[in-house]
1. Could you report the chain's accessible area per residue, 1.4 Å probe, as an integer in Å²?
2. Determine which aspartates and glutamates satisfy two conditions relative to Lys378: a Cα distance under 13 Å, and not lying fewer than 8 residues away in the same chain.
3. So how exposed is Asp401, as accessible area in Å² (1.4 Å probe, rounded to 10)?
4. Sort 126-138, 444-456 by packing, meaning the average of other beta carbons within 10 Å per residue, with the highest value first.
5. Considering only protein heavy atoms and a probe of 1.4 Å, how much of the accessible area of segment 228-303 is carbon and sulfur, as a whole percent?
6. Name the long-range amide H neighbours of Arg427: under 5 Å, sequence gap of 5 or more, or other chain; modelled H, no Pro or chain starts.
7. Restricting to DSSP H runs of at least four residues, report the calculated mean residue ellipticity at 222 nm for the chain, -39500 (n - 2.57) per run over all residues, nearest 500 deg cm²/dmol.
8. I'd like the FRET efficiency for Leu281 and Asp376, computed as 1/(1 + (r/R0)^6) with the beta carbon distance as r and R0 of 56 Å, rounded to 0.05.
Amino acid sequence: MNIENCLFGVALSAGQCEGAYLEDGKGLSIIDTMDQSKDRCYRRHPYPKEGVYYPSHEASDFYHYMEADLEMMHELGAQCFRTSFAWTRIFPHGDDAQINKKGIAFYDRLIDRCIAYQIEPIITLSHLEIPYDLYERYGGWEDRRFADCFVRYAKVILDHFHDRVTYFITFNEINCAIHFPYVVGVGVDRSIEPSTTMYQAMHHMFVANAEIIAYAKQRYPHLEIGCMSAVGPIYPLTPHPQDVLKAKRKERENLFASDVLVNGKYPYYTDAMFQDLDVTLTVSAEDRQLLEENRIDFLAVSYYNTNCETASENRETSSGNLFGGVKNPYLHATQWGWQIDPTGLRILLNDLSERYQGFPLMIVENGIGANDSFEDGKIHDQYRIDYLKAHLDEVEKAIEDGAELWAYTMWSFIDIISASGGQMSKRYGLVYVDRDDEGNGTNQRYRKDSFYFYQEYLKNIKKRKDTL
Ligand code: BG6
């Protein structure tokens, strides 16, 4: 594997960028019921109320800017585009008798644009766009019927797009089921310790993933179907064996989902882990066989930060994507306290390659959320350039180390609403969207300095590819 074989591009998700939350027949997703309260990811939300601001309702208005945004993506030189389809645009209530044709038409236009620009689409089937109505009726993934509805939706997408889309990711951060259950449609509060309900729900996601792979294998064997998990190395704070042990335990929890997905079976430590957590899982022999026979073709991961662990009570905590940990004295953090660790990305790619014997990987999210300042149409985001450059250097080194990396998609292409806080001001984009946390603004797009940096980088990669 060399760097020229890896696709470099950008990423977005429907629920965080599209807006148009009820337009053209779309139904309500869970994210559309989430206001901007600090605990928005931690609790169940009622149906949207008058007078409350819901950031996803308009988001970055990608639904109406899609053509112009993709033209800019082409100008950037992106080789691939990872985004999601909203289940609620296709089946507004999750299990409608009829397909919403206008929803399909929107994604048809999106995919056709990608193809015209030679941008390889990488499509996630579920990324924060869980049908609210279905969730209210069934209570979430812990009910197997919920998973059946997802498989039905996925089959519709494969049937319709298999000739134009090669790469599908069934779930964004499948391990969210344990960390932010409500957000992904699991019917329990996060304040409860990992519970049987959460793991049972995740089991149903594993089963849905396997059923989708089985369907694809039978009908569309050229497709590459992956799944995504949020991972990041966990370092022991000190070489004290108790710290090392603690870090290993945490890492196990972290890699549990990918162990199941890659190996097609529950790992050897499952019983011990479940005993510690007081979890009892129901898994039939048929399910086990299904998982075993239908493993993912590639593992997609998001990478934002690393954390430490210690057995000592005396610790300083740090935040991070999905879960925090203990602060690393050698690292700086973003304005949101996520520790910046480019070397951690090389470590992660090496760790995964070792653990899964050179298994194909994709980094489908990596970026920095920052409060950008906008002056006269310019955004001088040197910190984002530094972040990107440092991480891309480590990606190159990891490939030289031997990692089989199929794609790297930077998070995010345009500014979008933050998943955890719902703010627009936690900006991830290469392109600034004129919109604030209260929903004011023109939605006009402005290229940030980081856009031009990445454009140069992509040009270089292309040159190297062309000379091969
Ligand atoms: C990942 C999600 O967990 O982290 C994205 O897949 C999210 O949807 C990203 O945007 C960054 O998190 P946040 O909360 O800063 O938006």
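1. Each residue of the chain exposes 39 Å² on average to a 1.4 Å probe.
2. Asp434, Asp449
3. Its accessible surface works out to 70 Å², give or take rounding.
4. 126-138, 444-456
5. 50
6. Ala370, Asn371, Asp372
7. For the chain, the value works out to -12500 deg cm²/dmol.
8. Plugging the Cβ-Cβ distance into 1/(1 + (r/R0)^6) gives 0.45.
The values are calculated or read from the model by the stated rules, or taken from the named source; none is laboratory data. None of the values given here were measured: they were computed from a predicted structure. No Cβ is skipped: glycine too gets one built from the backbone with ideal geometry, and neighbour counts run over all protein chains shown. What goes into the accessible areas is simple: the full protein's heavy atoms, side chains included, and nothing from ligands, DNA or RNA. Shrake-Rupley method; radii C 1.70, N 1.55, O 1.52, S 1.80 Å.
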